[in-house]
Amino acid sequence: MENLVYIALFAPFVGSLFAGLFFARSPKTHLVGVVNSTLIGIAFIAAVTLALHVAEHGAVHVTMMSWISAGDLSIPFGFLVDEVSVTMMLVVTLVSTIVHIYSTGYMDHDRAYNRFFAYLSAFVFSMMILVMSDNFAGLFIGWEGVGVCSWLLIGFWYHKEDRPFEENPSISPSWAANEAFIMNRVADLGMLVGIFLIYWNVGSLQYDVVFKALPHLADGLLVSIAIALFIGAMGKSAQFPLHTWLTDAMEGPTPVSALIHAATMVTAGVFLVIRANPLYSLDAVHEVSMFIASLGAFVAFYAASMALSARDIKRIVALSTLSQLGYMFAAAGLGAYWIALFHLAAHAFFKALLFLGAGNVMHAMDDELDIFKMGGMKKVMMGSYIYMGIASFALAGLPVMAGFYSKDAIIETAFNDGSYIIWAILVITAGMTAFYSFRQVFFTFHGEERYKALGFHPHDMYKYVLVAMAPLAVLAISFGWFMENFHEFITKNLPDYEMSHTTHHWAWLLGSLVIVLAVTGIIIAYKKYAGKGPNAWKRDEEFEQSFIYKLVENQYYVPKFYDEFIVQPYTIASKKFWEIDKAVVDGFVDLIGKMSYKSGDVSRGMQTGSLSAYLNWMGVGALLLIVAAAITALIG
Amino acid sequence: MEIGIGHYLILSGILFSIGFVGVLRRKNLLMLFFATEIMLNAVNIAFAAIGNYYGDLSGQMFAFFIIAVAASEVAVGLGLLIILYKKYGSLDLDVISTMKG
Amino acid sequence: MYEFVAFYIFAIATTILFLITVMSKNVLYSMTSLAAGMVLISGLFFLLGADFLGVVQLIVYVGAVMALYAFAMMFFDATKDVKEKHGNSALVFLLGGLMALVFVVMFSAPIIGENIQALYPVGLAENLGASGNSQDVGLVLFTKYLVPFEVAAVMLLVAMIAGIILAGKKMDYSLTECEASDEELKQEIKKEEV
C-alpha cells in the first residue's frame with residue numbers, strides 16, 4: 001500500500017519534471033500531453049486502489065522521511081490516506097486526468113503546450129501533497145504549491161496586453177495572476193498565524209497529536225486558532241471579502257479554470273475546515289462555526305446575484321463556483337462535514353464538466369466570452385450542448401442529478417439546525433442558481449444565431465476530447481445515487497450528522513420547494529432567452545441603466561472599492577517610499593561610491609613616480625602604525 | 001644606578017629613528033642601505049634586551065636570524081646596485097623614476 | 001656601576017656614529033662610522049650577556065657585510081661627495097623625531113612581564129655539565145630552531161649565488177650556449193688521441 005501512496009503522489013511530479021526539464025524549450029510535443037495524461041491516470045488508478053483498501057482496512061499512514069528536525073521541532077514527511085483524503089485524492093486525480101486529456105485538445109494550437117503541462121502536473125502534485133499530508137506544515141507546503149501553480153497558470157498568457165478596468169474587469173492575465181497571488185498571501189498570513197499558534201501551544205503539527213490536545217486548550221486560544229485557519233481558508237476558497245480574485249482568475253486557460261478554480265484548489269479551504277473538524281466542532285468555537293456558515297450562505301447568495309447579470313461565460317461559471325463554495329462552507333459551518341465533502345466532490349464533477357463545456361464554446365468562438373454574441377449553437381455543438389445541459393441540471397439541483405442530493409442535504413441541514421435565515425437564503429439561492437445557469441445555456445445554445453452576424457464559424461471539439469469528458473457527465477448524473485454508500489464510508493472518519501425526526505418529516509416538502517424554485521428559474525430563463533424570431537431576446541436598455549443592475553454588474557463595486565481604498569493609496573505610498581528609498585538608501589550607496597572615486601582622485605596625486613616620495617609615504621604609514629601600537633600598549 | 005630593559009629599548013628606539021630619518025632623507029641608494037642596516041641593528045638590540053629581561057634565548061635567536069637575513073639582503077642588494085649603476089650611471093633615487101604611472 | 005658607565009658610553013657613541021652615518025655627505029665617512037657603530041653594538045650585546053650574538057655581530061657585520069660594502073664601493077666613485085637634493089628636511093626630521101618620541105614614551109612605560117615564562121631559559125647547558133652562552137645558543141639553535149637555521153643557510157646560499165650572478169661580468173648570457181664550444185673541444189681532444 002505504501003508504494004501506491006507514493007505512486008499516487010509522485011506520478012504527477014514525474015510528469016511535471018518530464019515536461020518541464022526535457023521539453024520546456026522545445027516546440028509543441030504531443031508526447032508530453034500523452035505521457036502526462038497517462039501519469040495522472042496512473043495516479044488515479046492508485047487512488048482508486050487506495051480507496052478500496054481504505055474502505056476495507058482503514059487508513060494508511062506512511063512516513064517517508066524526516067523533513068524538518070530542529071530542536072524540539074520535528075516534522076516528518078508523513079502522508080495520511082484516510083477516508084477524507086482518499087476522497088479528495090479521487091476527485092483530484094479523476095478531474096485532473098480528464099482535464100489533462102482535454103488540454104491535449106484545447107491547448108493544441110498553443111505555442112507553450114509543453115510548459116502548460118509542466119505547470120498543470122505540478123499543480124496536481126501540490127494538490128496531492130495538500131490533501132495527503134499528515135501535518136499542518138505539509139498542508140501548508142501544498143497550499144503554497146497550489147498557489148504558485150495557480151499563479152503560473154492564471155498568468156499563462158502573460159504576454160496579453162493590459163486593458164482598462166471598464167473594458168475588462170480582470171485587466172490582463174498577468175494582472176489577474178498577481179491579484180490572485182497577493183490576495184492569497186494576505187489570507188495565508190492568517191493561516192500561518194494559526195499554524196504557529198498550534199505549534200506554540202501544542203508543540204506538534206501532526207493532525208492526530210494536535211486534535212487530541214485541542215480540547216485541553218483555553219477557549220480564547222481555540223477561537224483564535226479557528227479564526228486564523230479560517231482566514232486562510234477564506235483566501236483559498238475565495239470567500240467574501242477575498243473573493244474578487246476568483247472571477248479574475250478566469251483569464252487563465254479554460255482547463256485551468258476547470259481544474260484549479262472550480263474543482264480542486266478553491267475547495268482546499270473547505271477541505272481545511274473539514275480536516276480540522278475536531279477543532280470546528282468544539283463548543284468553544286461554536287460562534288466561529290456559525291460565522292463560517294453565515295458567511296457561506298451570504299457568499300452563496302452574493303455570488304449568485306452577480307451571476308444573474310454577468311455576460312462573460314466563464315465569469316458566470318466562476319461565480320456559480322463561488323456560490324457553491326458558499327454552500328459547502330454553510331454545511332461545514334453547521335457541522336455537517338460529510339455533507340460538505342459530498343457536495344465538494346459532486347460539485348467538482350459537474351462544475352469541471354460545465355467549465356470544460358464552456359471551454360468548448362470558447363474554443364469554437366475563437367475565445368469570445370460574451371454570451372450576448374452567441375446563441376443557437378446547439379446545432380453545431382451538440383456534444384458540448386448535452387454536456388453543459390447535464391452539468392447545468394446538476395448545478396441547478398434537479399432530481400436524479402448529483403447536485404440534487406448534495407445541495408438538498410445542505411439545505412436540509414440548515415433547516416435541521418434551526419438556522420432558518422441561512423435556510424431561506426440557501427433556498428432562494430437555489431432558485432437563482434437554476435435561473436442563471438440556464439440563462440447561460442439558453443443564451444449560448446438556443447435562440448437567435450447571433451454569432452453568424454459576427455462572422456464566427458463554430459465547430460465542436462475533437463471527438464476524443466468529448467469522449468474523455470464522458471466520465472464527468474456520468475458522475476454529474478449518478479454521483480448522488482451513491483450518497484448512502486458515501487455516508488457509510490466517510491462517517492468512519494468524519495462525525496455523522498443526523499437529521500432530526502422533524503426534518504425527516506418535512507424533507508419531501510423542503511425538497512419539493514427547492515425543485516419548484518429551480519424549475520421556475522429554468523422556465524423563466526427559457527421564456528426570456530430561448531425564444532426565436534419574434535420572441536427572441538432583446539436587450540433591455542432601460543433595465544440595464546437601473547441601479548440594481550448597475551450594482552450587480554459592477555460586482556457591488558467591491559473591486560472598485562479595493563482599487564480606490566487599498567490599491568491606489570498603496571501605490572501612492574509605494575511611490576513615496578520609492579522616492580525616500582532613492583534619496584536615502586540609494587543616496588547612501590552612491591555616497592560610498594563617490595567617496596571611493598574622490599579618494600582615488602585625491603590619492604592619485606601621490607603617484608608621482610618618485611621613489612623617495614614613495615619612501616616618505618611609507619615612512620608616514622610606518623609611523624602611524626607605531627603610534628597605533630603605542631596607543632594600544634599604553635591603553636591596553 | 002641600575003640599567004634596566006627600558007634603557008636598552010629606548011636606545012633601540014632612538015637608533016631606529018635615526019635609521020628612519022636616514023631612509024627618508026637620503027637619496028643615494030647606498031646610503032639607504034646603510035640606514036636600513038642601522039634600523040636592523042636597532043631591532044637586534046631590542047631583541048637581545050628583551051631576551052635578557054625574560055631570561056629566554058628566543059630573543060637572541062631572532063637577532064641571530066635577522067643578522068642572517070641582513071647578510072643575504074646586502075649580498076643581493078649590492079648586486080642589484082651594481083647593475084643599476086651600470087644602467088643609469090648614478091645611484092640617485094630621483095634618477096630612477098620608471099614607476100610613474 | 002661599571003655596567004652603567006659602559007652602557008652610556010656605548011649608547012652615546014653608537015648614537016653619534018650612526019648620526020654621522022646618516023648625515024655625512026661622504027660615503028667613506030658614513031661607512032666607517034657605520035662599521036664603528038656596529039662594533040659598539042656588539043659591546044652592548046656582551047653587556048646583555050649575549051656573548052655569541054656579540055661575536056656573530058662582529059664577524060658578520062663588521063667583518064663580512066662591511067667588507068662587502070667596501071668592495072662594492074670600488075664600483076662606485078667613493079671619493080666624491082654624494083650630491084643629493086633634500087626636499088623637505090623639516091618634515092623628515094619631524095617624522096623621525098616624532099617616532100623617537102613615541103618609542104621613548106612607549107618604552108619608558110613599565111613593562112609587565114610576570115606572566116611570561118621563559119621557554120628556553122638562559123643556562124640550559126648547565127644541566128649538561130657545560131656552561132656559557134655559546135653552549136646555550138647551540139642547544140636551542142640545533143633543537144628548536146633547526147629548521148629555520150637550515151632555511152637560513154639555504155637563503156644565504158641563494159643570496160650568494162644571486163650576488164655573484166648580478167655583480168659578475170659576462171654573466172649575462174646563457175651557460176648552455178657554451179656547450180657548443182665544449183663539443184668542439186672534445187672533438188679536438190679525440191683527434192689528438194687518434
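For the stretch A:45-62, the set of residues classified as open to solvent by 80 Å² or more (accessible area, probe 1.4 Å) and either more than 16 Å from A:Tyr6 (Cβ to Cβ) or in a strand (DSSP E or B) (or both) consists of A:Leu52, A:Glu56, A:His57, A:His61, listed by residue number.
Suppose we keep only residues that are among the aromatic types (Phe, Trp, Tyr) and assigned to a helix (DSSP H, G or I) within the stretch A:8-39. Which one would you say is modelled with the lowest pLDDT?
Here is the first cut: in the stretch A:8-39, the residues among the aromatic types (Phe, Trp, Tyr) are A:10, A:13, A:18, A:22-23.
Checking which are assigned to a helix (DSSP H, G or I) leaves us with A:10, A:13, A:18, A:22.
Details: A:Phe10: 91, A:Phe13: 93, A:Phe18: 89, A:Phe22: 84.
The qualifying residue modelled with the lowest pLDDT is A:Phe22.
Can you tell me how many residues in the stretch A:576-612 are aromatic (Phe, Trp, Tyr) and at pLDDT below 90? Before you say what the answer is, go through the steps one by one.
Filtering the stretch A:576-612 down to residues aromatic (Phe, Trp, Tyr) leaves A:577-578, A:588, A:597.
Keeping just the survivors that are at pLDDT below 90 gives none.
Of the residues in the stretch A:576-612, 0 are aromatic (Phe, Trp, Tyr) and at pLDDT below 90.
Contact annotation: residue pairs with Cβ atoms under 8 Å, 6 or more positions apart or on different chains, pairing a residue in the stretch A:546-566 that is without any contact (Cβ under 8 Å) to a residue 24 or more places away in the chain with a partner that is part of a helix (DSSP H, G or I) and open to solvent by 60 Å² or more (accessible area, probe 1.4 Å), are A:Leu551/A:Tyr557; A:Asn554/A:Lys560.
Looking only at residues that are in a helix (DSSP H, G or I) and not hydrophobic (A, V, I, L, M, F, W, C) in the stretch A:395-408, which one is most open to solvent (accessible area, probe 1.4 Å)? Steps first, please.
Quick first cut of the stretch A:395-408, residues in a helix (DSSP H, G or I) only: A:395-396, A:402-408.
Within this subset, residues satisfying the condition of being not hydrophobic (A, V, I, L, M, F, W, C) are A:403, A:405-408.
Numbers: A:Gly403: 0, A:Tyr405: 69, A:Ser406: 0, A:Lys407: 5, A:Asp408: 20 Å².
That would be A:Tyr405.
For A:Asp82, the criteria (1) closer than 19 Å to A:Val273 by Cβ; (2) open to solvent by 20 Å² or more (accessible area, probe 1.4 Å) hold in every case but one, which is (2).
Only one of the listed residues (B:Leu93, B:Leu15) is under 24 Å from C:Phe76 (Cβ atoms) and either touching a strand residue (DSSP E or B) at 6+ places or on another chain (Cβ under 7 Å) or of a type outside the set (D, E, K, R) (or both). That residue is B:Leu93. Set side by side, the residues A:Gly600, A:Gly605, A:Gly587 differ, and just one is open to solvent by less than 60 Å² (accessible area, probe 1.4 Å) and away from chain B (no Cβ under 14 Å), which is A:Gly587. Can you pull out every residue in the stretch B:62-82 that is at pLDDT below 90 and open to solvent by 70 Å² or more (accessible area, probe 1.4 Å)? Residue satisfying the conditions is B:Leu80 alone. Would you check if C:Phe18 is facing chain B (nearest Cβ under 7 Å) and assigned to a helix (DSSP H, G or I)? For C:Phe18, the condition - facing chain B (nearest Cβ under 7 Å) and assigned to a helix (DSSP H, G or I) - is met. Residues that are in contact with a helix residue (DSSP H, G or I) (Cβ under 6 Å, 6 or more places away or on another chain), surrounded by fewer than 19 Cβ atoms within 10 Å (Cβ to Cβ) and β-branched (Val, Ile, Thr) do occur in the stretch A:19-34. Taking the stated definitions as given, is A:Tyr451 farther than 26 Å from A:Glu412 by Cα and surrounded by 18 or more Cβ atoms within 10 Å (Cβ to Cβ)? Considered against the rule, which asks whether it is farther than 26 Å from A:Glu412 by Cα and surrounded by 18 or more Cβ atoms within 10 Å (Cβ to Cβ), A:Tyr451 comes out as yes.
Within the stretch C:98-126, which residues are facing chain B (nearest Cβ under 7 Å), open to solvent by 30 Å² or more (accessible area, probe 1.4 Å) and at pLDDT 70 or above?
Selection gives C:Val104, C:Phe107, C:Ser108, C:Ala118, C:Leu119, C:Tyr120, C:Pro121, C:Val122.
Among the residues making up the stretch C:25-53, those that are more than 7 Å from chain B (Cβ to nearest Cβ), open to solvent by less than 20 Å² (accessible area, probe 1.4 Å) and in contact with a Ser or Thr (Cβ under 6 Å, 6 or more places away or on another chain) are C:Ser33, C:Gly37.
Conditions (1) polar (S, T, N, Q); (2) in a helix (DSSP H, G or I); (3) within 20 Å of B:Gly19 (Cα to Cα), marked per residue:
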site: C:Phe10; (1), (2), (3): no, yes, yes
site: C:Ala13; (1), (2), (3): no, yes, yes
site: C:Ser30; (1), (2), (3): yes, yes, yes
site: C:Phe45; (1), (2), (3): no, yes, yes
site: C:Ala72; (1), (2), (3): no, yes, no
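Please tell me if A:Met132 is surrounded by 24 or more Cβ atoms within 10 Å (Cβ to Cβ) and closer than 20 Å to A:Gly20 by Cα. Here the answer is no, as A:Met132 does not meet what is asked. Every condition in (1) more than 31 Å from the chain's Cα centre (by Cα); (2) closer than 30 Å to A:Ser384 by Cβ; (3) surrounded by 12 or more Cβ atoms within 10 Å (Cβ to Cβ) is met by A:Ala518 except one, and the failing one is (1).
Filtering A:Ile411, A:Ile421, A:Ile386 for residues that are surrounded by fewer than 18 Cβ atoms within 10 Å (Cβ to Cβ), of a type in the set (Val, Ile, Thr) and within 29 Å of A:Ala507 (Cα to Cα) leaves a single hit, A:Ile421.
When A:Trp151, A:Trp143 are screened for being surrounded by fewer than 23 Cβ atoms within 10 Å (Cβ to Cβ), modelled with pLDDT of 90 or more and either of a type outside the set (Val, Ile, Thr) or in a helix (DSSP H, G or I) (or both), only A:Trp151 passes.
Selection of the stretch A:521-570 for residues being β-branched (Val, Ile, Thr) and either within 22 Å of A:Ser392 (Cβ to Cβ) or open to solvent by 60 Å² or more (accessible area, probe 1.4 Å) (or both) yields A:Ile522, A:Ile523, A:Ile524, A:Ile548, A:Val552, A:Ile566, A:Val567.
In the stretch C:1-15, which residues are open to solvent by 40 Å² or more (accessible area, probe 1.4 Å) and within 7 Å of another protein chain (Cβ to nearest Cβ)? Across the stretch C:1-15, the qualifying residues are C:Glu3, C:Phe4.
Have a look at A:Ala633, A:Ala613, A:Ala573 and point out the one that is within 14 Å of chain B (Cβ to nearest Cβ), out of contact with any His (no Cβ under 6 Å at 6 or more places or on another chain) and open to solvent by less than 50 Å² (accessible area, probe 1.4 Å). Steps first, answer last, please.
Values: A:Ala633 fails: open to solvent by less than 50 Å² (accessible area, probe 1.4 Å); A:Ala573 fails: within 14 Å of chain B (Cβ to nearest Cβ).
Only one candidate passes the filter, namely A:Ala613.
The values are calculated or read from the model by the stated rules, or taken from the named source; none is laboratory data. This structure is a prediction, so every number in the text was calculated from the model and none was measured. With ideal geometry, Cβ positions are generated from the backbone for all residues, glycine too; neighbour counts draw on all protein chains shown. Surface accessibility is based on the protein's heavy atoms, side chains included, excluding ligands, DNA and RNA. Shrake-Rupley method; radii C 1.70, N 1.55, O 1.52, S 1.80 Å.
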